[in-house]
Amino acid sequence: MSDPTRGTWPEVFRAFLQLGCTAFGGPIAHLGYLRAEFVERRAWLSEAQFAQLLAISQLLPGPASSQLGFSIGLLRAGWRGGLAAFVAFTLPSVLVLLLFAQLASALDSPLGAAVVHGLGLVAVAVVAHGVWRMARLLTPDVRRLVIAAAAAAVMLYTGSAAWQLAVIAAGALLGALLCEGSRLDQSVPLPGPFGHSVAVRLLALFVALLVSSLAWSLAVPSALPSLGGLAAELYRAGALVFGGGHVVLPLLETTLVDSGWMTAETFFSGYGAAQAVPGPLFSVAAFFGASVPTGAPALLGAAVATFAIFLPGFLLMAAMLPLWGGLARVEAAPRMLAGINAAVVGLLAAALYDPVWTTAIASRADVLIAALAIAFLLVSRRSTLWVVAWCVGASVATRLATRLMGG
């Protein structure tokens with residue numbers, strides 16, 4: 001792959017649109033889809049190049065599978081290719097979640113409430129499964145387990161997403177001091193469509209937008225939802241979240257629910273619905289953008305929210321491509337990454353209890369439904385659609401049985 005722009009953006013769009021319509025199963029499954037499609041089937045990348053892109057996406061905050069897809073499109077057909085990959089991979093799930101947001105008012109009934117409650121139980125199962133898988137991969141020794149436990153304890157004690165960045169920074173510091181790791185792979189150079197000067201500009205833009213989002217949040221009262229405020233909050237979430245869609249949950253819950261922009265039930269119903277669609281989990285931003293009463297049309301809110309949450313990860317990914325060789329030679333980089341990943345496990349574990357468990361679990365029946373869903377995810381490789389069907393169906397059946405027994 002010596003020429004990074006030998007393809008065309010329509011070619012990239014067609015390839016990623018197919019994946020956007022069929023890539024069920026979450027971010028880990030998406031990585032497998034991307035490798036099979038672009039390494040084995042189309043040969044756009046070598047195994048070593050794919051491995052390096054994967055390493056970069058894991059190192060950075062943001063949605064790893066979407067960042068990986070964006071970088072494949074970028075290397076294949078330049079900026080148009082990167083944009084085509086993002087739009088095609090994300091559009092199907094965005095449209096479905098936008099439709100779900102428009103139909104949410106139709107769920108304002110006993111049956112609809114049971115469906116929404118079932119989607120909340122989906123969130124319990126999916127996040128619990130995510131904690132388990134991430135813990136097995138990212139906390140394989142006592143030192144990293146201690147970092148994870150400390151991160152969880154801090155988040156549960158403070159109860160504030162404002163501590164997330166501090167916890168991640170502390171994880172990086174502890175990782176540099178405590179965690180052992182090998183050098184990051186740089187065996188095969190990555191061809192890039194631009195050089196270091198463009199990378200520096202992209203990093204400067206990332207920082208400028210992050211500072212602007214923080215300034216907006218401080219200057220404008222959070223009780224007044226607006227399109228600009230929503231964009232600022234979602235950009236900051238996309239910029240600060242390591243670990244992908246599951247970890248963005250507690251930060252967005254604090255922003256959208258604690259501020260009064262939407263109810264917890266609406267928030268978790270959107271998150272649960274996002275498990276039933278293909279493509280990236282960050283597409284749930286479309287549901288939030290359409291549901292928050294900013295005064296803008298739902299379609300515009302969904303588009304702005306989706307773009308805002310994905311943009312920081314893409315800026316960082318594009319900037320990192322020409323800088324990767326130098327970063328990979330930094331001795332402390334893999335140890336810091338190990339510490340960050342361990343802290344992310346703790347953040348997600350804390351979020352599993354509060355707000356996910358405390359919001360969704362209301363009875364012993366809920367515990368049983370969620371436990372069986374978690375067991376299914378642990379022992380089966382089937383799509384999460386089965387978990388959605390089980391949790392929603394069991395929630396509806398439980399609600400009907402309760403009404404019949406009460407009557």
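Numbers below:
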read-out	value
Rg to Rh, two decimals, where the chain supplies the alpha carbon set and Rh follows Kirkwood	0.96
Folded to 0 to 90 degrees: helix 9-22 orientation relative to the chain principal axis, Cα	30 degrees
³J(HN,Hα), Karplus 6.51/-1.76/1.60, whole Hz, each residue of the stretch 109-121, x for Gly, Pro	7, x, 5, x, 4, 5, 5, 4, 5, x, 5, x, 5
Extension gain (nm, one decimal) between ALA51 and ALA362, 0.36 nm per residue minus Cα-Cα	107.6 nm
Two-site FRET efficiency, ALA204 against ALA113, from Cβ-Cβ distance with R₀ of 56 Å, rounded to 0.05	0.70
Solvent-accessible area, 1.4 Å probe, carbon plus sulfur percent, for the stretch 66-176	72 percent
Square roots of five times the Cα gyration tensor eigenvalues for the stretch 87-153, Å	35, 18, 9
Proximal charge balance of PHE13 [Cβ under 12 Å; K/R count +1, D/E count -1]	+2
Among ALA365, ALA373, ALA64, residue whose mean-square fluctuation peaks in a GNM of the chain (springs only between Cα atoms under 10 Å)	ALA365
Stokes-Einstein translational diffusion, the stretch 269-345 - Kirkwood Rh over all Cα pairs, 0.890 mPa s, 25 °C, in µm²/s	162 µm²/s
Square roots of five times the Cα gyration tensor eigenvalues for the stretch 305-385, Å	36, 17, 15
Summed residue charge, Cβ within 15 Å of ILE309's Cβ, Lys/Arg positive, Asp/Glu negative	-1
Probe 1.4 Å, protein heavy atoms only - accessible area per residue of the chain in square angstrom	43 Å²
Rg/Rg_globular for the stretch 1-92, with Rg_globular taken as 2.2 N^0.38 Å and Rg from C-alpha atoms	0.95
Euclidean distance of C-alpha centroids, the stretch 337-407 and the stretch 227-299, integer Å	19 Å
For the stretch 316-324, Karplus couplings with θ = phi - 60° (6.51, -1.76, 1.60), whole Hz, Gly/Pro x	5, 5, 5, 5, 6, 4, x, 9, 4
Sum of -39500 (n - 2.57) over DSSP H runs of 4+, divided by residues of the chain (222 nm, nearest 500)	-24500 deg cm²/dmol
Segment ARG382-THR402, length gained on full extension (0.36 nm per residue, minus Cα span)	4.2 nm
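The values are calculated or read from the model by the stated rules, or taken from the named source; none is laboratory data. What you are looking at is a predicted structure, and each value in this text was computed from that prediction instead of being measured. Using ideal geometry, Cβ is built from the backbone for each residue, glycine included, and neighbour counts are taken over all protein chains shown. For the accessible areas, the whole protein counts, side chains as well, though only heavy atoms, and no ligand, DNA or RNA atoms are used. Shrake-Rupley method; radii C 1.70, N 1.55, O 1.52, S 1.80 Å.
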